[in-house]
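Visitor: There's a structure below that I have some questions on.
The values are calculated or read from the model by the stated rules, or taken from the named source; none is laboratory data. Model, not experiment: these values are computed from the prediction. Here the Cβ positions follow ideal geometry from the backbone for every residue, glycine too, while neighbour counts run over all protein chains shown. To get the accessible areas, we keep the full protein, side chains included, count just its heavy atoms, and leave off ligands, DNA and RNA. Shrake-Rupley method; radii C 1.70, N 1.55, O 1.52, S 1.80 Å.
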Protein chains: 2
Amino acid sequence: MSTAFDLPPAARPGQPADTIDTPSLVLDLDAFERNVDRMQRAANRARVKLRPHAKAHKCPDISLAQIKRGAVGICCQKISEAIPFARAGVRDIHISNELAGPAKAAMLAQLALRAHVSVCVDDMAQIDILAKAAEAVGTRFDVFIEVNVGQGRCGVTDPAAMLPLVDRITRLHPLSLCGLQAYHGGIQHLRGWQERRAGAARAADRTGAFVARLEAAGARNMVITGGGSGSVEFDLQSGVYTEIQPGSYVFMDADYGANEYLTDERPASTNCEHSLFIASAVMSVAAGDRVVVDAGLKSMAVDSGLPWIWANGARSETLEYVAANDEHGIIAPRLASRVRDLPALGSRVMLVPGHCDPTLNLYDEIIGVRDGVVECVWPVAARGLSR
Amino acid sequence: MSTAFDLPPAARPGQPADTIDTPSLVLDLDAFERNVDRMQRAANRARVKLRPHAKAHKCPDISLAQIKRGAVGICCQKISEAIPFARAGVRDIHISNELAGPAKAAMLAQLALRAHVSVCVDDMAQIDILAKAAEAVGTRFDVFIEVNVGQGRCGVTDPAAMLPLVDRITRLHPLSLCGLQAYHGGIQHLRGWQERRAGAARAADRTGAFVARLEAAGARNMVITGGGSGSVEFDLQSGVYTEIQPGSYVFMDADYGANEYLTDERPASTNCEHSLFIASAVMSVAAGDRVVVDAGLKSMAVDSGLPWIWANGARSETLEYVAANDEHGIIAPRLASRVRDLPALGSRVMLVPGHCDPTLNLYDEIIGVRDGVVECVWPVAARGLSR
């Protein structure tokens, strides 16, 4: 009895989209491309560079599509995450994060032999570790000082505390100070537009105070990098950032979808569309007042809320995904009396994931569809690379 | 400029455990083996078969260790998940779930050519689909009717509604009725021991009612399979189940750790130990009143709570993991005044994940350690296989 048995592919190019095996991650290529174009156009008009974050998708095909349209490079959050992108030909990678120690710095030095890399610091010890690792293999690093503009996570909080780091970087030969990184994750999901605008303004003000201090110390032509998909419309107009790092805008997950946006038809609008879906199927209808689909916690991240049910180009008004178990998702009618709205056994249910970044990290491939047909299958090559 | 650059392994056998790259999933092999032995011994004493659930770990090495100690086979929750186990030599696989349609049934038929498989149904349509798929490749399936004993998810709720399914299975040649599956996930995490015992008793009573109905209809020697790590001590004594399906007991995540267990030194005790940890490292201390580790939402599932910090063989009394961002974990002192308790930049922090099943689904390997040394690196071969 042979034990060899390959899992058939979930989809092949040319196949009808409604026959993709479930659960699978499906990308509406038209909506995706409109999102990519929209953000690039907005950045161009503001004369701000676009360096999209790859942590949102971990998929080199997506980064290459962004770069082709004008992005200057990408951000990665981990060194291991950057490797598949460097392999795929991305030549400019910013590690928008601090490193935990010498072993990580050695990995970064290997990466710096293959691509232009930059990295963040917020502590003197990190600077020394980086310099040593670069020297050991005869390379160099561009360095950004991360500044805390309200997130309270990584980054120097006091502009005065930044100056000794500037001084140290400047004196170490294998390092060059490139600028500042200022990211405030907490404001990305403030629901109200006014509230988000005010939060982004406060973060930009704080960033401005760091920049002023840096320039007073003699630094010139610094790159000020930051911003995210929820604040980008304000970041672009702030006059503070020279480069923006949005990532999720290519997909627009349910959490970003729950933000309030102003209707905006200008060519420079950054309002994006839902392009990413989980194709699931109904596997049990026995309960009667609810149905069970085959996509649960192993097919989506729920840290930012449960997925939306997507039907006819909009969030379903009749059905709700009410609970995620490991391999099961429970779907109930919004009105308990309307059990007739429940989908039949075996039927397909499309979901908008609550939070795209950790959802992508569960899948090995993204199935691109256009006009109801599978067009491509893109590897999520950096999935699981969190070191 | 070459773009080839392989990610160095996180660990190699023989390496000191405290040099494993972070974040990584680390298994204390001594604790793991004691857990495996403990559950097998308890099942043997109760004369109940142990069919551990592989959805908890997705790692064939773990299933093979359980089978070597007496497990009769394994459970998988998805057909794709079962494939790496069949490949690794597991010969008896129960799919403890319903299938969404003919494509899934065709995959199951392929699997049935390589291993003994059984599967659950709770609808007439599923039965017909299974029979057709088995016939198409000249194989057969053992079938379990899933019954709803309080979970309200999959499974027939009314014993009377079970009988037409029994009848149908019996009349279709490629199918054999094997018994009933009765699993109540909701009682596994009732915190109080009395509460959990009462919940398990109610589920066992309901299961018993289905069994009685089945026997009245003439069925004999039925396998009654169910139970989980939180209810197993009661399931084994219930007299209803002939087979139990616990999975998480090999690891004991923080969510199971939060359950109340009675002190129990009997040889048949099912009380297990924490054996699974996430090794993380401090990457930023700039905030002053907290530190940031490199393990966040992409390194752990948080649906059942944040991880515990583990130090000196117990849950830390001074530090707490207070927030998980995508790639960052925030650690704060339990008493805000005790910032001196915070770990230094670059130091290692061990975490007990909140929920093991979806956490394992994020990792490609489990690093087994014993006596402070890496002993093995086990592939999580079914990671991401949710179809």
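Visitor: Quick one: Kirkwood hydrodynamic radius for the range A:207-251, alpha-carbon pairs, angstrom, one decimal?
Guide: Working: mean 1/r = 0.0879 Å⁻¹.
Averaging 1/r across every pair of different Cα atoms and inverting gives 11.4 Å.
Visitor: If I take the Cα coordinates of chain A and project them onto the principal axes, what are the three extents in Å, biggest first?
Guide: Rounded to whole Å, the extents work out to 70, 59, 33 Å.
Visitor: May I have the pair-distance distribution P(r) for the protein assembly as shown, computed from all Cα-Cα distances with 10 Å bins from 0 and rounded to whole percent?
Guide: 3, 14, 23, 25, 19, 11, 5, 1, 0, 0
Visitor: In the range B:319-339, what residues drop by 40 Å² or more of accessible area when the other protein chains are put back, versus the chain on its own? Use 1.4 Å, and skip ligands and nucleic acids.
Guide: Output list: B:326, B:327, B:328.
Visitor: Given just the C-alpha atoms of the range B:104-229, how large is their convex hull per residue in cubic angstrom? All intermediate terms of the calculation are to be shown ahead of the outcome.
Guide: Numbers: hull volume 13.6 nm³, N = 126.
Hull volume over Cα atoms, normalised by residue count, gives 108 Å³.
Visitor: Please average, across the residues of A:291-301, the number of beta carbons from any other chain that are within 10 Å of each residue's own beta carbon, and give a whole number. Can you show the working numbers first?
Guide: Details: counts 1, 8, 1, 10, 1, 5, 8, 15, 5, 1, 7.
Per-residue shielding by partner chains comes out at 6.
Visitor: Another question, then. Hey, what's the per residue convex hull volume over the C-alpha atoms of the range B:175-223, in cubic angstrom?
Guide: Here the figure is 75 Å³ per residue.
Visitor: Right, here's the next one. For residue B:205, place a label point 7 Å from Cα along the Cα-to-Cβ direction in every copy; what are the distances to the other copies, in nm, shortest first?
Guide: Values, ascending and in nm: 6.3.
Visitor: Averaged over A:380-387, how many beta carbons belonging to a partner chain fall within 10 Å of each residue's beta carbon? Provide the component values of the computation, followed by the final result.
Guide: Values: counts 1, 0, 0, 5, 10, 3, 13, 10.
Partner-chain Cβ atoms within 10 Å, mean over residues of A:380-387: 5.
Visitor: Do the sum for the protein assembly as shown: with -39,500 (n - 2.57) for every DSSP H run of n ≥ 4, divided by all residues, what is the mean residue ellipticity at 222 nm, to the nearest 500 deg cm²/dmol?
Guide: Calculated at 222 nm, the ellipticity per residue is -9000 deg cm²/dmol.
Visitor: Say the dipole of chain B comes from +1 at the beta carbon of Lys and Arg and -1 at that of Asp and Glu; which of B:210, B:279, B:347 then lies farthest toward its positive end?
Guide: The listed residue farthest towards the positive side: B:210.
Visitor: Do you know the Lys pair count in chain A for C-alpha distances under 21 Å, with sequence separation 8 or more or different chains?
Guide: 13
Visitor: How large is the dipole of the range A:328-387 about the Cα centre if only Lys and Arg carry +1 and Asp and Glu carry -1, each at its Cβ, rounded to the nearest 20 debye?
Guide: Numbers: 7 positive and 6 negative charges, 61 e Å.
Dipole of the range A:328-387, to the nearest 20 debye: 300 debye.
Visitor: At q = 0.21 Å⁻¹, what is the log10 ratio I(q)/I(0) for the range A:280-387, with the Debye formula run over Cα points and no solvent?
Guide: At q = 0.21 Å⁻¹ the computed log10 ratios are -1.18.
Visitor: Kindly state, as a whole number, the per residue volume in cubic angstrom of the convex hull around the alpha carbon atoms of the range B:29-251. Walk me through the numbers on the way to the answer.
Guide: Details: hull volume 23.9 nm³, N = 223.
So the per-residue hull volume is 107 Å³.
Visitor: Sorted by mean Cβ packing within 10 Å, highest first, what order do the peptides A:293-303, A:334-344, B:196-206 take?
Guide: Working: A:293-303: 25.9, A:334-344: 12.2, B:196-206: 19.0.
My ranking of the peptides, most packed first, is A:293-303, B:196-206, A:334-344.
Visitor: Have a look at the DSSP beta bridges in chain B and tell me what percent are antiparallel, nearest 5. Display every interim value, and only then the final one.
Guide: On the way: 30 of 61 bridges.
Of the beta bridges lying entirely in chain B, close to 50 percent run antiparallel.
Visitor: Using +1 on the beta carbon of Lys and Arg, -1 on that of Asp and Glu, and nothing else charged, what's the dipole of chain A about the Cα centre, debye to 20?
Guide: Working: 40 positive and 44 negative charges, 187 e Å.
Once rounded to the nearest 20, the dipole reads 900 debye.
Visitor: Next question, about the same structure. Given Cβ point charges of +1 (Lys, Arg) and -1 (Asp, Glu) and nothing else, what value in debye, to the nearest 20, does the dipole of the range B:283-387 about its Cα centre take?
Guide: Numbers: 10 positive and 13 negative charges, 35 e Å.
Dipole magnitude for the range B:283-387 comes out near 160 debye.
Visitor: Considering only the label points, 7 Å along Cα→Cβ from Cα, what distances in nm to one decimal separate residue B:341 from the same position in each other copy, shortest first?
Guide: Here the equivalent label points are 4.8 nm apart from this one.
Visitor: Nearest 100 Å² is fine: what is the total accessible surface buried where chains A and B meet, probe 1.4 Å? Kindly include the intermediate steps, with their values, before the conclusion.
Guide: Values: alone 17080 and 17070 Å², together 27830 Å².
Answer for the A-B pair: about 6300 Å² buried.
Visitor: Continuing with this model, one more query. Take every Cα-Cα pair in the range B:44-169 and report what % of them are more than 23 Å apart. It would help to have the intermediate numbers written out before the result.
Guide: Working: 2720 of 7875 pairs.
When every Cα pair of the range B:44-169 is considered, 35 percent fall beyond 23 Å.
Visitor: Send over a whole-number figure in Å² for the accessible area per residue of chain A, probe 1.4 Å. Don't skip to the answer; put the middle values down first.
Guide: Working: 13920 Å² over 387 residues.
It amounts to 36 Å² per residue over chain A.
Visitor: Taking each pair of distinct Cα atoms in the range A:221-280 once, what is the resulting Kirkwood hydrodynamic radius in Å? Walk me through the numbers on the way to the answer.
Guide: On the way: mean 1/r = 0.0781 Å⁻¹.
About 12.8 Å, per the Kirkwood formula over Cα pairs.
Visitor: Over the range A:29-251, with every protein chain in place, what whole percent of the accessible area is carbon and sulfur at 1.4 Å, could you tell me? If you can, show how the numbers build up before the last one.
Guide: On the way: 3860 of 7660 Å².
So the carbon and sulfur contribution to the accessible surface is 50 percent.
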